[in-house]
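> Structure in structure tokens, see below.
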Amino acid sequence: MTTSITLKHRVSVSPIVRLPENVAGLQWRRVQHADIPLLVELAHACNTVDSPWESTSANDYTLTFEEPSINLEHDSAIGLDAQGRAVAYGLVFGSPTHNTIIWVDLEGMVHPDRRGEGIGSALLAWQEERGQQFLAELDAYAPALLAVAAWDSVRSSCRLVEAHGYRSIRSWLELERSLAHALPTRPLPVGYRIESYIGNEEAARGVHNDAFRDHWGSQPVSQEEWLRDNQRGPTRTDLSFVIKAPTADGSEAVVATIICAVPKEDWPARGCRFGHIQVVGVTSTARGRGLASALIAHALHAFKAENLEVAVLSVDSQSLTGAVALYERLGFHTVRTSLTLVKEY
């Protein structure tokens, strides 16, 4: 829901946002690319306690810092101890597209051995001010959110964020399925066929934007963003697919897509060779024909052919399309839950 007042007038914040000071003896400054090894070490310590199935590599940070929407000189903070080790890290980044809602994500971590000293509160306070500053620069009427993601199992993080006035607004389920058991097959309607994603990238983007138009918090993805995501990280376009359907004029149109990744760097932490289903989308006019099930079944067989052991995906627990039940019928089960906590403007 839009308002009659722009964010410039809805959000009041100082034009100068200072980094935390005098907090637990840490030295605070902006993040530099040379800090990536320090951040990898910090992330390892945090993941070991908070999310043992995850690993964060130097390449992950390099890709993040190369995002056009991130300016390390303004949007980052790192807290160092007397020995020069990273104890805390924070990043603030706003969504590059915001048609109906404006997102600002607050990403941060504090070393497990230094929690309870007020470091997380100081870091979050700085992030919030910087996020408000981002919003106050926008001449937009759309609703806006400062958002923090946290694993439901890490109650200390959730309590900290809630104490700062954020509320849990959404939960996300991570599901997995063993590929050792019999894999499903799903028929397609007459005239429909599955084809490689490669060569159909732009049509798949159109499917994605249409499919997620009515999903909570989703915004259209630009061509630049879509192609950049295809080319980065563990995304495997050769393990991604589309469905083409016949049209009235005798041609074909892409009506569904699935985008997959193989994050090998995370295999040791999770203890298995797994593939990740990143996106499953069906155009609104083609729903109800079993296309999502057919694509997922096809991807599972492709994963098996790659000698993968497990398939993983994430989904909005309140999905309007009945996605959770669909995945469960295909043999997936929930293994953990994350939360989105927000402050609204």
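The values are calculated or read from the model by the stated rules, or taken from the named source; none is laboratory data. From a predicted model like this one, the values you see are computed outputs, not experimental measurements. In this analysis, Cβ positions are derived from the backbone assuming ideal geometry, glycine residues included, and neighbour counts consider all displayed protein chains.
> For Ile169, indicate whether it is of a type in the set (A, V, I, L, M), surrounded by fewer than 18 Cβ atoms within 10 Å (Cβ to Cβ), touching a strand residue (DSSP E or B) at 6+ places or on another chain (Cβ under 6 Å) and closer than 25 Å to Ala125 by Cα.
Here the answer is yes, as Ile169 does meet what is asked.
> Under 9 Å between Cβ atoms, which residue pairs at least 6 apart in sequence (or on different chains) link something in the stretch 117-138 that is over 22 Å from Ser156 (Cα atoms) with a partner that is part of a helix (DSSP H, G or I) and among the acidic types (Asp, Glu)?
Arg130/Asp75; Phe134/Asp75
> Let me ask something else about it. What number goes with the only condition from (1) out of contact with any Lys or Arg (no Cβ under 7 Å at 6 or more places or on another chain); (2) surrounded by fewer than 17 Cβ atoms within 10 Å (Cβ to Cβ); (3) outside the structural domain of Leu91 (by the TED database) that Glu137 does not pass?
Only one criterion in (1) out of contact with any Lys or Arg (no Cβ under 7 Å at 6 or more places or on another chain); (2) surrounded by fewer than 17 Cβ atoms within 10 Å (Cβ to Cβ); (3) outside the structural domain of Leu91 (by the TED database) is unmet by Glu137, namely (3).
> Same structure again: Picking from Val342, Val315, which residue would you name as being in contact with a helix residue (DSSP H, G or I) (Cβ under 9 Å, 6 or more places away or on another chain), in a strand (DSSP E or B) and either at pLDDT below 95 or among the aliphatic types (A, V, I, L, M) (or both)?
Exactly one residue qualifies, and that residue is Val315.
> Given Leu227, Leu188, Leu160, which one is in the same structural domain as Asp60 (by the TED database) and not β-branched (Val, Ile, Thr)?
Leu160
> When you scan the stretch 203-214, do you find a residue that is at pLDDT 95 or above and part of a loop (DSSP other than H, G, I, E, B), even just one?
Looking for residues that are at pLDDT 95 or above and part of a loop (DSSP other than H, G, I, E, B), one finds none in the stretch 203-214, hence no.
> Another one. Select from the stretch 270-288 the residues that are in contact (Cβ under 8 Å) with a residue 40 or more places away in the chain and buried (at least 17 other Cβ atoms within 10 Å of the Cβ) and list them in ascending order.
The answer is Arg270, Phe274, His276, Gln278, Val279, Val280, Gly281, Val282, Thr283, Ala286.
> Out of the residues in the stretch 331-345 meeting the condition of being touching a Leu at 6+ places or on another chain (Cβ under 7 Å) and of a type in the set (A, V, I, L, M, F, W, C), tell me which one is farthest from Pro143 (Cα to Cα).
Phe332
> For the stretch 241-258, does any single residue satisfy the condition of being within 17 Å of the chain's Cα centre (by Cα), of a type in the set (A, V, I, L, M, F, W, C) and in the same structural domain as Ser314 (by the TED database)?
yes
> If you check Val315, Val342, which single one turns out to be surrounded by 15 or more Cβ atoms within 10 Å (Cβ to Cβ), outside the structural domain of Ala245 (by the TED database) and closer than 30 Å to Gly165 by Cβ?
Val342
> Kindly provide the set of residues from the stretch 115-163 that are assigned to a loop (DSSP other than H, G, I, E, B) and under 14 Å from Thr340 (Cα atoms), ordered by number.
Asp152, Ser153, Val154
> Between Ala248, Ala180, Ala256, which is over 20 Å from Val312 (Cα atoms) and either aliphatic (A, V, I, L, M) or crowded, with 17+ Cβ neighbours inside 10 Å (or both)?
Among Ala248, Ala180, Ala256, only Ala248 is over 20 Å from Val312 (Cα atoms) and either aliphatic (A, V, I, L, M) or crowded, with 17+ Cβ neighbours inside 10 Å (or both).
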